[in-house]
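A short reminder: the numbers here are calculations on the coordinates, not readings from a lab. These numbers were taken from a predicted model, which means no experiment stands behind them. Every residue, glycine among them, receives a Cβ derived from its backbone with ideal geometry; neighbour counts consider all protein chains shown.
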Amino acid sequence: MSFDGEWTESPGAGPVGDSAGALRDQLDEGGHLAEHGTHAAGLVLRGPGFVTGRALIEVSERWRSQTDQLRAACHHIARRLRESAR
């Protein structure tokens, strides 16, 4: 991902970086709130005759992966744009 060039030097870069940082903070606080309950439900519902359990576990794992990637991207964007706004 590259943020080099004219856009990062624009006056709007700082506020965008601040917004990306705020989103990262929100993901830190609440990005995984439902994960434990969803995973626990998946474990209970994966017994014989249930297919829902495995699907819930997969959703929980995918959610964590996607949330972690989004958080990392927000961190990168915030850092780069704050640096360029100085």
Nearest 10 degrees, 0 to 90: helix 52-85 Cα axis against the chain principal axis: 10
Dipole magnitude (debye, nearest 20) for the chain, charges at Cβ of Lys, Arg, Asp, Glu: 280
For the chain, the fraction of alpha-carbon pairs in successive 5 Å shells from zero, as %: 3, 15, 18, 14, 12, 10, 8, 7, 6, 4, 2, 1
Signed unit charges on C-beta, dipole axis of the chain, positive-most listed residue A78, G49, G21: G49
Projected label distance in nm at D28 and A72, using a 7 Å step from Cα toward the beta-carbon: 1.7
Nitroxide proxy distance, nm - points 7 Å out along Cα→Cβ at R46 and S65: 1.5
